[in-house]
Amino acid sequence: MLIRGKCHCGNISFTLTWDPDPKEIPARACDCTFCQKHGGVWTSNPRGALEVRIQEPARVSRYAFGTETAEFLICARCGIVPVVTSRIDERLYAVVSVNAFENVDPALLKRAPISFETEQADTRLARRKRNWIADVAIK
Ligand SMILES: [Zn+2]
């Protein structure tokens, strides 16, 4: 399945290749202090391939907080947050926002709350290496 997503104005868009076609897509409502404020709900497939396209790089705000190991890509024009990246051992990992999906039947989304607030930094990076999309290109 080729999942397409974008911010509201289209400055940040992505395609996520998800093979084989998903029977369900985990949709994790994150309870971190930032995601609470903007309603972040994320998914990833460690065997997926993600291509992110940015039309106007000057209008992308990269926000990090806390351990500063993840970067939220925020469209500075429309305010939507379609992608989070994390660079670990020279590899770029990512998760994408299900709220930014364009062509996915909402019935596929398996929504569940999730909390990483008590997680230690090294556990967090190991989890991302296991679960996040490991094939990421930003163009
Ligand atoms: Zn935008």
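Every read-out reported here was derived from the displayed coordinates using simple, explicitly stated rules and does not represent laboratory data. Predicted, not measured: the structure shown is a model, and the values here were computed from it.
Figures for the structure shown
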| quantity | calculated |
| --- | --- |
| Kirkwood hydrodynamic radius (C-alpha pairs) into Stokes-Einstein, the chain, 25 °C and 0.890 mPa s, D in µm²/s | 163 |
| Distant-in-sequence amide H partners of Ile88 (H built 1.01 Å from N, under 5 Å) | Tyr93 |
| Using θ = phi - 60° and Karplus 6.51 cos²θ - 1.76 cosθ + 1.60, couplings along the range 68-83 (whole Hz; Gly, Pro as x) | 6, 9, 10, 10, 7, 8, 10, 6, 7, 8, 10, x, 7, 10, x, 9 |
| Highest-fluctuation residue, Gly40, Gly79, Gly66 considered, GNM on the chain with Cα pairs under 10 Å | Gly66 |
| Long-range HN-HN contacts of Asp31 with modeled amide H, under 5 Å | Ile114, Phe116 |
| Amide H partners (placed H, <5 Å) of Ile138, local residues excluded | Val52 |
